[in-house]
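Notes follow once the structure below has been shown.
Every read-out reported here was derived from the displayed coordinates using simple, explicitly stated rules and does not represent laboratory data. The structure displayed is predicted, hence computed values, not measured ones. For neighbour counting, all protein chains shown are included, and Cβ atoms are generated from backbone atoms with ideal geometry for every residue, glycine included.
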Number of protein chains: 2
Amino acid sequence: MKLAEVKAMRRRAAGLLDRAGIVLSREEKDAIEVSDFGLGDVKRLGLLVVVYENNDRYCAKEIVLLPRQMCPEHRHPLISERNPGKRETFRCRWGTAYLYVEGIATPRPKAKVPPDYAPFLTVWHEIVLRPGDQHALPPDTLHWFQAGDRGAVLSEFSSSSVDEHDNWTDPRLRRLPEID
Amino acid sequence: MKLAEVKAMRRRAAGLLDRAGIVLSREEKDAIEVSDFGLGDVKRLGLLVVVYENNDRYCAKEIVLLPRQMCPEHRHPLISERNPGKRETFRCRWGTAYLYVEGIATPRPKAKVPPDYAPFLTVWHEIVLRPGDQHALPPDTLHWFQAGDRGAVLSEFSSSSVDEHDNWTDPRLRRLPEID
């Protein structure tokens, strides 16, 4: 990604967080993580994240999704005897998000997936998250999500976050951003 | 506490959370934890808590403090080899809170402590938390806090919460509420 695009994404994320009533410091706004997973299509496949805390015991973030932006399918596998994989809880603060997890596929799911990404989505059990709704995921289970038409802000509470260990269904993806 | 008083506290907590822009479900509003630490003086010494998640790895809560309500001094000690005591991060979402931790005592602290509680406060290093401010505490360190004149809403991110292990400086206190 070009730095100008990263900055534009940060501004849009800060705007949605503001609408959600979430206050960030100037430094936090400037440090919003922008990931396009290496595909250069951040508005459709991307993730905007504010990390409040990530230590060896717990992690807390805000995840911002622009309208219909999606986070691709992945799981958080076992890392060591002390870390059986990241366990996480999503809580919707603003907007609507469609979360897909392992289980019986939902007929007529509400996500609108670009055809080029559909082959890499294998779980289709839909959970709709609106403000005040939350859902917890066990470690090492597949999941992906997309915002509705207005975007979404989700709080993520979890065990330690070690993104470089994530397994992505689409083998082209990488989590850590590269900024030109 | 009488059930009527608990319900009145829950309503006031829900009102402050609403002003902070935090959305709760009906069930969550009805389950807000109200603790008076056994002293029957909840408006001055009390804690109002929404627990979003508390599992064997992490915990996430909202803490609501009414105007000038205080949480008494305590620490989260080592519990076992696997749990070296609760580590926690407070993030202010709304209002103002004065957090006191170990360190050099702050001259002219902003807390207004009722004289009957002052003898049980031994740490006086002040950290002022306004919206967007946060502070992390290592395990087993003394701390207490009080809201400013409008009250406060703090998000607490932490390792597992096992309140019954907490150590209170005031030996009269107990954490788990008793409702008549």
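A few points about this structure:
- Distances between copies at B:Ala8, taken between label points 7 Å from Cα along the C-beta direction, are 5.6 nm in increasing order.
- Centroid-to-centroid separation of region A:78-152 and region A:20-73 [C-alpha atoms, Å]: 15
- Ranked B:Arg12, A:Arg82, B:Arg87, criterion: other C-beta atoms within 10 Å, fewest first: A:Arg82, B:Arg12, B:Arg87
- For B:154-161, mean number of other protein chain Cβ atoms within 10 Å: 4
- Across the identical copies, how the B:Asn167 labels are spaced - nm, sorted shortest first, 7 Å along Cα→Cβ: 4.3
- Per the rotation superposing chains A and B, the chain A residue found at the smallest beta carbon distance from the axis is A:Gly21, 1, distance in Å.
- Simple spin-label estimate for A:Ala105 and B:Lys7 in nanometres, 7 Å along Cα-Cβ: 4.9
- About the Cα centre, charge dipole magnitude for the protein assembly as shown (Lys/Arg +1, Asp/Glu -1 at Cβ), debye: 1280
- For A:His125, nonlocal amide neighbours, meaning residues 5 or more places apart or on other chains whose placed amide H falls under 5 Å from its own, are A:Val101, A:Gly103, A:Thr106.
- Cα-centred dipole magnitude for chain B, charges only on beta-carbon of K, R (+1) and D, E (-1), debye, nearest 20: 680
- Nearby lysines by direct alpha-carbon distance to B:Lys7 (threshold 21 angstrom, same-chain neighbours under 8 apart not counted): B:Lys29, B:Lys43, B:Lys61
- ³J(HN,Hα), Karplus 6.51/-1.76/1.60, whole Hz, each residue of region A:74-91, x for Gly, Pro: 7, 9, 10, x, 3, 10, 7, 4, 7, 10, x, x, 5, 9, 8, 10, 9, 10
- Label-to-label distance, nm, for residues given as B:Ala136 and A:Asp56 (7 Å Cα→Cβ offset): 1.2
- The alpha carbons of region B:1-110 occupy a box of 40, 38, 29 Å along the principal axes, longest dimension given first.
- For A:Pro67, label point 7 Å along C-beta direction: distances to other copies, nm: 4.2
- Across every pair of non-identical alpha carbons in the protein assembly as shown, the mean reciprocal distance, once inverted, gives a Kirkwood radius of 21.5 Å.
- Amide N of region B:32-50 lying under 16 Å from the label point, which is placed 7 angstrom from the Cα of B:Thr169 along Cα→Cβ: B:45-46
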